[in-house]
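The values are calculated or read from the model by the stated rules, or taken from the named source; none is laboratory data. Computed from a predicted structure; not experimentally measured. Glycine also receives a Cβ, built like all others from the backbone with ideal geometry; neighbour counts cover every protein chain displayed.
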C-alpha cells in the first residue's frame with residue numbers, strides 16, 4: 001500500500017500559476033519537460049473529460065489542499081508557497097486511469113522565477129504555451145477561464 005505522499009501523483013496533478021495582484025497578469029509555470037502539468041506531464045494518449053461527464057468508478061478523491069501540500073513537501077518548498085484554487089477540478093482520461101487536475105496559485109508578490117530556473121522551469125503567458133499537448137491546452141483554457149472568473 002502506497003503512502004499518501006508517495007502515491008499522490010498517480011491520481012492527481014497540478015497546474016501552477018502566478019497572478020500579479022496589481023495588473024492581473026497571469027503566468028503559468030512551464031516545467032523542464034515543456035509541460036505545465038506538475039509534477040509529471042500527461043501521458044501521450046490523454047484526453048480531457050467534457051464538463052459534467054459521468055465517470056464510472058471515480059472513487060474517493062484527495063482533497064486539493066492535500067495535493068498542493070504534498071507537492072510542496074515532495075520538492076522541498078515552503079507550504080505557504082502555493083494556495084489551491086478550490087473551484088477548479090478537471091479530470092483526464094489516460095491509458096493508466098483517470099487523473100484529477102487541480103489549480104494552485106503562487107502566493108508571492110512576484111513569480112518565484114529563481115526558485116524554478118534551477119529546475120528548468122519558466123513562467124509563461126498562455127499565448128506562449130501554444131502548440132502543446134492537446135489535452136494540456138484544453139486544461140489551460142479551462143484554468144484561464146476559472147482564473148479570470
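Checked against the criterion of being in contact with a strand residue (DSSP E or B) (Cβ under 9 Å, 6 or more places away or on another chain) and surrounded by 15 or more Cβ atoms within 10 Å (Cβ to Cβ), the candidates 82, 45 yield just one match: 82. The set of residues from segment 115-127 being over 16 Å from the mean Cα position of the chain (by Cα) and in contact (Cβ under 8 Å) with a residue 40 or more places away in the chain comprises 119, 120. Look at (1) under 16 Å from residue 40 (Cβ atoms); (2) exposed (fewer than 12 other Cβ atoms within 10 Å of the Cβ); (3) modelled with pLDDT of 95 or more and you find that residue 120 fails only one, number (3).
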